[in-house]
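K.L.:
I am attaching a structure below and will ask some questions about it afterwards.
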Amino acid sequence: MCVAMGSVRLAGVERACALWIPVRLPGLNELVAARARRGSVRSGTGKRWSAYSDIKRAAQETISACALAQHFQAPEGPCHFNYLFCEPEQKRWRRDPSNILAGGQKLIEDALVSSGLLKGDGPDVVAGITAYFLQRKPEGVFVLLQDCPVISMRVMTERLYAYGQNGRQS
């Protein structure tokens, strides 16, 4: 089910890694609704059952299995995350793009961190995010992580800050 993608070469990018996840991941609305559903206390544990935990665990297991099967290795430093979400073909979108991205991105990054394939999901690792959405088969998510040199990030941040300061003064 998981196809080997591995490292890819892109012009002008030191290192990029690709990952194909051949399942439709839950969106933010589905995760929030699941968070609200709680069951009775599980026998022997003293903890309440949570639909959110079950959904997150299942998605993370699938994502981790795909990443390991595809020999996925994230770049060492900060990276730019590119997501391509492939949704089922229908006359109109059933889920809005921001809902799809919020749920999918959270689950993917958490799965990569918990499986040790990504150092973290904070701003020191996630330098930027771009998302695209298509209606086509097969359903799933294509993730491309591009190496993002720290020098480029620093220069970009300084330029944006200077632009913001100049914009306020005029």
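The values are calculated or read from the model by the stated rules, or taken from the named source; none is laboratory data. Keep in mind that this is a model prediction, so the values were computed, not measured. Ideal geometry is used to build each Cβ from the backbone, glycine not excepted, and the neighbour counts take in all protein chains shown. Only protein heavy atoms, including side chains, enter the accessible area calculation; ligands, DNA and RNA are left aside. Shrake-Rupley method; radii C 1.70, N 1.55, O 1.52, S 1.80 Å.
K.L.:
Would you mind finding the one in Arg154, Arg92 that is in a loop (DSSP other than H, G, I, E, B) and either surrounded by 15 or more Cβ atoms within 10 Å (Cβ to Cβ) or at pLDDT below 90 (or both)?
P.N.:
Just one listed residue meets the conditions, Arg92.
K.L.:
Applying the selection to the stretch 118-151, what residues are at pLDDT 70 or above and among the β-branched types (Val, Ile, Thr)?
P.N.:
Once the filter is applied, which keeps residues that are at pLDDT 70 or above and among the β-branched types (Val, Ile, Thr), the stretch 118-151 yields Val125, Val126, Ile129, Thr130, Val141, Val143.
K.L.:
Can you tell me which residues in the stretch 132-147 are farther than 27 Å from Gly77 by Cα and either open to solvent by 70 Å² or more (accessible area, probe 1.4 Å) or assigned to a strand (DSSP E or B) (or both)?
P.N.:
Leu134, Gln135, Arg136, Lys137, Pro138
K.L.:
Related question: Restricting attention to the stretch 40-78, report how many residues are open to solvent by less than 90 Å² (accessible area, probe 1.4 Å) and at pLDDT 90 or above.
P.N.:
Matching residues across the stretch 40-78 total 14.
K.L.:
Right, here's the next one. So, in the stretch 1-39, how many residues would count as being open to solvent by 70 Å² or more (accessible area, probe 1.4 Å), at pLDDT below 85 and part of a loop (DSSP other than H, G, I, E, B)?
P.N.:
Selection size over the stretch 1-39: 7.
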